[in-house]
Amino acid sequence: MGGRWIERWEPEDETFWREQGERIARRNLLFSVLSEHIGFSIWSLWSVMVLFMGPQYGIDPAGKFFLIATATFVGALIRVPYTFAVARFGGRNWTIVSALLLLLPTGVAYAVMEPGTSYGTFLLVAALTGIGGGNFASSMTNINAFFPLRKKGWALGLNAGGGNIGVPVVQLVGLLVIGTAGAAHPRIVLGVYIPLVVVAALCAALFMDNLAPVKNDTGAAKEAVRAGHTWIMAFLYIGTFGSFIGYSFAFGLVLQTQFGRTPLQAASLTFIGPLLGSLIRPVGGSLADRHGGARITLWTFAAMALSTGVVVYASVAESLTVFLIGFIGLFVLSGLGNGSTYKMIPAIFLAQGHRRGLSGEAAESYGRRLSGASMGLIGAVGALGGLGINLAFRQSFQTAGTGTGAFVGFLLFYAACMAVTWAVYLRRPASVPDTAEGAEDPARQPGYAEV
């Protein structure tokens, strides 16, 4: 429990925020982004490593997709304990620990990344890289506590977007290595990240703070699990973040498998989509702050369905140019939706506080408790969407030799997300579940307009 602790933290108090809170929150946001960025890079490491794994490794495309899926799965599961670690150990302290833990998968991958290593060993190492996926949950929970509701869309979008950029950055590093040293030297990529992990941990130790008022609330966690909105938002987050991380991990391998691209050709294209999707995530949060997260999310899913239709056409017509246009469109839209869906979470639970007859600070406190408790679970379930995407690609290529069947399934899922968003958060009047027992629609309550 050592380190820098802040005993009083009241971000909704405008005087407190103006005089000291904003400066402290922005500083913590900056270094949270750095650590989360490195975590995302390590989590998505196997989207790059598979490009180095030529015929001499003896692993077919289905096996490579399963390596990627393994990393995705572990990264999703570990988000739940990482969410609660912030309150248990402090945001600064846990950022240090979670950063240093990234040395384990990076160091082990450095030791075994060569032809002749067994597939089981590669699976184990891919599972270890899932540690990086947990950094998102702890970082988002931490930053959620630092900022007032009116700033959460922007702050959470920037925090997540800066972390998401870790995906295209590690892919750019892979491109640089393949383009200069060749596809036989994957260890250079790993050698780049080992010192960066140490830098992230050191910066967290020097510049971040722990918030003493942030405590693990068992009651809030249980209530969040029972809340119907937690699971509805988890479903929608599968469509946005699950798409982003699933496509980020699989893009290069799809280009290699379906369009016969070489490792260098695939690496030269792989980073573009994740980069654009990461950069636009804060825009999604800002648009949600101004126009409402549900509206932005609905139109995002509609556009994602349209882009998926373009990808299906390109896959059937075997047009790489059209395929790239549609696929990169999916990245941009999923990034936009990431920002808008995460903005909805605190607004939904604030509205629930109003529905329960609370007002002012009491409603805001309730909203912070429930949104903080639900974010880790929503993030974990959403990340499992990436697992589903990679398993769908694996099955589609295994049975038909193309990804067309997988994309048709994704299109149908986005249509379902549209329907849920409209029915639950935009339709008037409506009735939606609040807990396992059910309750009235928060749209009828004060504060719902911000959702």
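Observations
- Lone qualifier among W43, W94 - being on the phi < 0 side of the Ramachandran plot, surrounded by 24 or more Cβ atoms within 10 Å (Cβ to Cβ) and free of Cβ contacts under 8 Å to residues at least 60 places away in the same chain: W94
- Take the conditions (1) surrounded by 24 or more Cβ atoms within 10 Å (Cβ to Cβ); (2) within 15 Å of the chain's Cα centre (by Cα); V74 misses just one of them, which is (1).
- Residue check for E14: open to solvent by 10 Å² or more (accessible area, probe 1.4 Å), out of contact with any strand residue (DSSP E or B) (no Cβ under 7 Å at 6 or more places or on another chain) and of a type in the set (D, E): yes
- Top-ranked residue of segment 299-335 - restricted to ones that are aromatic (F, W, Y) and open to solvent by less than 40 Å² (accessible area, probe 1.4 Å), ranked as farthest from G386 (Cα to Cα): F323
- Residue check for V225: under 14 Å from I42 (Cβ atoms) and open to solvent by 20 Å² or more (accessible area, probe 1.4 Å): no
- If only residues of segment 281-298 that are modelled with pLDDT of 90 or more and surrounded by 23 or more Cβ atoms within 10 Å (Cβ to Cβ) are counted, the one that is nearest to G239 (Cα to Cα) is T297.
- Only one of L377, L350 that is in contact (Cβ under 8 Å) with a residue 60 or more places away in the chain, assigned to a helix (DSSP H, G or I) and buried (at least 24 other Cβ atoms within 10 Å of the Cβ): L350
- Test: residue in segment 319-326 that is assigned to a helix (DSSP H, G or I) and in contact with a Gly (Cβ under 7 Å, 6 or more places away or on another chain): no
- Residues in segment 401-419 that are aromatic (F, W, Y) and open to solvent by 30 Å² or more (accessible area, probe 1.4 Å): F413 alone.
- Of residues in segment 133-178 being of a type in the set (S, T, Y) and modelled with pLDDT of 90 or more, the one surrounded by the fewest Cβ atoms within 10 Å (Cβ to Cβ): S138
- Restricting the search to helices (runs of 4 or more DSSP H) fully inside segment 201-314 and requiring at least 2 residues that are on the phi > 0 side of the Ramachandran plot and of a type in the set (F, W, Y) gives an empty result.
- Only listed residue being closer than 25 Å to N338 by Cα and modelled with pLDDT of 90 or more, chosen from T106, T117, T121, T129: T129
- Among the candidates V112, V125, residue that is more than 12 Å from the chain's Cα centre (by Cα), open to solvent by 10 Å² or more (accessible area, probe 1.4 Å) and among the β-branched types (V, I, T): V112
- You will find that of I245, I232, I272, the residue that is under 25 Å from A419 (Cβ atoms), open to solvent by 10 Å² or more (accessible area, probe 1.4 Å) and touching a residue at least 12 places away in the same chain (Cβ under 8 Å) is I232 and no other.
- Filter pass, R8 being open to solvent by 30 Å² or more (accessible area, probe 1.4 Å), in a loop (DSSP other than H, G, I, E, B) and in contact (Cβ under 8 Å) with a residue 12 or more places away in the chain: yes
- The sole residue among K215, K222 that is free of Cβ contacts under 8 Å to residues at least 12 places away in the same chain and not aliphatic (A, V, I, L, M) is K222.
- Residue in segment 120-128 that is within 24 Å of M140 (Cα to Cα) and in a loop (DSSP other than H, G, I, E, B) present: no
The values are calculated or read from the model by the stated rules, or taken from the named source; none is laboratory data. The shown structure was predicted, so the numbers you read here are calculated from the model rather than taken from an experiment. Here the Cβ is made from the backbone with ideal geometry for all residues, glycine too, and neighbour counts use every protein chain on show. Keep in mind that these areas ignore ligands, DNA and RNA; they rest on the heavy atoms of the full protein, side chains included. Shrake-Rupley method; radii C 1.70, N 1.55, O 1.52, S 1.80 Å.
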